[in-house]
Amino acid sequence: MIAQLEESNERRWEHVGARADLTAVRDEMMRLVAMPDGLNRYRFSGNAELLAAWESARKVLVGPRAPEEPAAETQPVVRAPKAEGDVRPACDGVTMA
């Protein structure tokens, strides 16, 4: 019985130590993830649209997703350049609605 108690206590201490290690790793990861956030906030501080896009993007959670239902068929929306010499978007004026 004493051996069982000692073994139980040993396992409990291993668990406590492992949890402390995980907490330290988590704290370091959070520190590293916060660095690009601060850099991007500074980088986009002069452009409200980019800053809002960054704030939205940093909240995206990545993980397994359920398969999406196929959307109803959509036709591409074709937009012609406004005037001769205008710069056309990288998508060549075609966007999906």
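Rule-based calculations on the coordinates, nothing more; no lab input. Quantities reported herein were computed from a predicted structural model and do not represent experimental measurements. Cβ coordinates were reconstructed from backbone atoms using ideal geometry, including for glycine residues, and neighbour counts include every protein chain displayed.
With each label modelled as a point 7 angstrom along the Cα→C-beta vector, the L39-A18 pair spans 3.4 nm. Measuring r between the beta carbons of R11 and L51 and using R0 = 35 Å, the FRET efficiency lands at 0.10.
Under conditions of 4 °C and 1.567 mPa s, region 1-58 yields 88 µm² s⁻¹ as its translational diffusion coefficient, taking Rh as the Kirkwood radius over Cα pairs in the Stokes-Einstein equation. As a calculated quantity, the FRET efficiency between Q4 and D27 at R0 = 35 Å, using C-beta atoms, amounts to about 0.50.
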